[in-house]
Every structure is written in structure tokens, then in C-alpha cells.
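Working notes, structure below.
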Amino acid sequence: MTIILQQIAQIAINAKDIARATAFYRDVLSLPLLFQVPPKMAFFSCGGIRLMLSLPENASYDHPGSILYYKVSDIEGTAAALESRGVVFDGEPHLVAKMPDHELWMGFFKDTEGNVLALMEEKR
């Protein structure tokens, strides 16, 4: 049997305070809340991928998560809108790489739980 993994179904992000993290992802980032399993989990829709906020099950899972890169079409405008909602970026969105057919731009920030998140735009 050949196994080919091609699609991400769910991404888990650790949180220390589920209510605080839920408010950030729902109200600041405007992700649609799918459902909650109080007091340990909250689930969001993120472009066909389910995003799960959860308390760490034990000490071995208690660490910041992977960086999530949100694809946007206007990185400067999106960053300004998030800043108006209280998001603090590590710096201005900036050029990361020049590709043959586009420029790759990114801007990094943290959620309320210390997880690093990023905006990403492929400018043509």
C-alpha cells in the first residue's frame, strides 16, 4: 500500500488560556468559530483546514506551536487592520525573496499565547 499525504486536516495550537486565545482568533483574526469543548479546546475554520486551540495534555506538549502563515492579498493593509485591533508585529511586513514571477513578503506577530504567526503575500 502506497501512502501519500497531501492535505492537512487540522492544526493544533497550544494555549494556556482557552477563553483568551478563542477571543483572539475569533475577534481579532476573524476566523469562524466551529465549536468549543470547554474548558480545553476550541475549533476554527481556516480555509478548509480545522484549527484547534487546546491546553497541552502534559508537559511534553507544553511548547509554542509551529508558525502558521496566513496567505493574504494585501499584506500592508491586513497588517494595518490587525494593528488597529491590538496586534503587535515584530517589524513591518518585508520582502523575503524575489522569485522569477513574484516577490514573497512576510510579516510576523504573536498570538495571546506566545505562538508565532505570520502574514504572507505573493506579490506579482
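The values are calculated or read from the model by the stated rules, or taken from the named source; none is laboratory data. Being a predicted model, the structure only gives us computed values, none of them experimental. Glycine also receives a Cβ, built like all others from the backbone with ideal geometry; neighbour counts cover every protein chain displayed.
Residue by residue, here is whether (1) over 15 Å from the mean Cα position of the chain (by Cα); (2) modelled with pLDDT of 95 or more holds:
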site	(1), (2)
42	no, yes
47	no, no
67	no, no
94	yes, yes
101	yes, yes
123	yes, yes
**Request:** Looking only at segment 69-78, count how many residues are assigned to a loop (DSSP other than H, G, I, E, B), over 13 Å from the mean Cα position of the chain (by Cα) and surrounded by 12 or more Cβ atoms within 10 Å (Cβ to Cβ).
**Result:** 1
**Request:** State all residues of segment 84-114 that are in a loop (DSSP other than H, G, I, E, B) and either within 25 Å of residue 20 (Cα to Cα) or touching a residue at least 40 places away in the same chain (Cβ under 8 Å) (or both); if no residue qualifies, say none.
**Result:** 85, 86, 87, 88, 90, 91, 111, 112, 113, 114
**Prompt:** Limited to segment 1-26, what total is found for residues that are in contact (Cβ under 8 Å) with a residue 24 or more places away in the chain, more than 15 Å from residue 110 (Cα to Cα) and part of a helix (DSSP H, G or I)?
**Reply:** 1
**Message:** Quick check on this structure: which one of 117, 95 is loosely packed, with under 14 Cβ neighbours inside 10 Å and in contact with an Asp or Glu (Cβ under 7 Å, 6 or more places away or on another chain)?
**Reply:** 95
**Asked** When you look at residue 81, is it in a strand (DSSP E or B) and either among the polar types (S, T, N, Q) or surrounded by 13 or more Cβ atoms within 10 Å (Cβ to Cβ) (or both), yes or no?
**Response** no
